[in-house]
Amino acid sequence: MIPEETSGIGTVSTIDPATPSPAMAAVDVDVCEVGPRDGLQSLSGFVPTAVKMDWIAREAAAGVREIEVCSFVPPKVVPQFVDAADVVAGALDIPGLTVTALVPNAKGAERAVAAGVHRLSFTLSVSRSHSLANVRRTPDEQLAEFARITAFLATVPAARRPLVSGGLSTVFGCATEGPVDEAEVVRLAVGLAEAGADDISLADTTGHANPAQVRRVVGAVSRAVGSRLTALHLHDTRGLGLANVLAGLDAGIRSFDASLGGLGGCPFAPGAHGNVATEDLVFMLESMGLRTGIDIGRLLDARRALEAALPGAPFAGHLHKAGLPKGFRPAPGGRL
């Protein structure tokens, strides 16, 4: 049980992480919650660990199967994640939850493995300027860093070895460079695959993507790396987030990142605010007859609790305003 805590950020209500959820139900599309990492990295004030854990526990209880709970970056760079190991420890106590952490380098990977995460999410920016701003390495230097991580993971006993996802960022455009060379996206995706990525995701870090572009790039990367391309991380910066999800579905993607209340954005990409809101994404998928295994009512309850705990945070989205349509029923499933 998470104790109640009051701080300058807000008050946390109690919730038992063991509360039964529909998380083990069959699904058609996976939704990974990235808010506790992506949603909080840009906030100026430190969010208490208890607030983070309440958020994670509520979403897990709603049926979210995977949550990116933190980032293992130097605390002096992003003080928000000074409690990363504690957050991972708490999340690991939640039955059935895949606990993921973002890592930008080999040292972060070592810390994440020591904490016991189930999955490492590595980030490699296709844009040279964004890569230098984000991790102080060129894209090829960051690719070499990924190879060092996979070499390290090969030394970890199998029982403790997490999966490792290679995430390409600024795939669809860069806030400083503009258009990104799609051939370069494919080249770096192949590099991640050859270096040992278990799976690969593509991120619209700066909200440049459009549906035609998503179909084209996903198709090109899929032809190069096959089934290793599994996920998209999309932003709603210019209002095309859900349209781009549909394009991803058309192109064969079955896993999408999202952030509760649309929180988030890269602090090293000017104007890149606004993830796809988890509740809006789940509603769209379920409305289409695609099972997510997530209880939308409990997800909206989680959003309300988070808004109360983070007054003034830049929440977005639509479903929380209009509510569920009269007569709405969850997806019967199996329509893909």
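The values are calculated or read from the model by the stated rules, or taken from the named source; none is laboratory data. Owing to the predicted nature of the structure, the values given are computational and were not obtained by experimental measurement. Here the Cβ is made from the backbone with ideal geometry for all residues, glycine too, and neighbour counts use every protein chain on show. With ligands, DNA and RNA removed, areas are computed over all heavy atoms of the protein, side chains included. Shrake-Rupley method; radii C 1.70, N 1.55, O 1.52, S 1.80 Å.
Quick notes
- Label point distance in nm, Arg216-Phe328, each placed 7 Å from Cα along Cα→Cβ: 3.5
- Rounded if a/c under 1.5, otherwise prolate or oblate - the range 164-308, Cα gyration tensor axes: prolate
- Interatomic Cα distance distribution for the chain, bins of 20 angstrom, percent: 34, 61, 5
- Cβ-defined net charge surrounding Arg216, 15 Å radius [Lys, Arg +1; Asp, Glu -1]: -3
- Remark on Val164: its backbone amide H falls under 5 Å from those of Leu120, Asp198, Asp199, a criterion applied only to residues 5 or more positions apart or on other chains, H modelled at 1.01 Å from N.
- Partners of Lys326 within straight-line reach, counting aspartates and glutamates whose Cα lies under 20 Å from its Cα and excluding those fewer than 8 residues away in the same chain: Glu279, Asp280, Glu286, Asp295, Asp301.
- Between Arg161 and Glu307, the contour length at 0.36 nm per residue exceeds the alpha carbon distance by 49.0 nm.
- Note, ³J(HN,Hα) from phi for the range 209-222, Karplus 6.51, -1.76, 1.60, rounded to Hz, x at Gly and Pro: 5, 10, x, 4, 5, 4, 4, 5, 5, 4, x, 5, 5, 4
- Signed unit charges on C-beta, dipole axis of the chain, positive-most listed residue Ala60, Leu163, Gly191: Gly191
- DSSP bridge pairs, the range 181-294: antiparallel proportion in percent, nearest 5: 20
- Dipole of the range 17-119, positive direction: furthest Cα of Cys32, Asn105, His118, with charges on the beta-carbon: Asn105
- Per-residue 3J(HN,Hα) values for the range 228-237, derived from phi via the Karplus relation 6.51 cos²θ - 1.76 cosθ + 1.60 with θ = phi - 60°, read 5, 6, 10, 9, 10, 10, 10, 10, 10, 3 Hz in sequence order (x marks Gly and Pro).
- Reach of Lys76 by Cα under 18 Å, taken over lysines that are not fewer than 8 positions away in the same chain: Lys107
- Surface accessible to a 1.4 Å probe, per residue, for the residues of the chain, Å²: 40
- Packing rank of 117-129, 168-180, 244-256, 134-146, where each peptide gets the mean count of other beta carbons within 10 Å, highest leading: 117-129, 168-180, 244-256, 134-146
- In the chain, the DSSP beta bridges split such that about 15 percent are antiparallel, to the nearest 5.
- Phi-based couplings in Hz for the range 151-158 (Karplus 6.51, -1.76, 1.60; Gly and Pro marked x): 5, 5, 4, 5, 8, 7, x, 3
- Surface composition of the chain: carbon plus sulfur atoms hold 54% of the accessible area, using a 1.4 angstrom probe and ignoring ligands, DNA and RNA.
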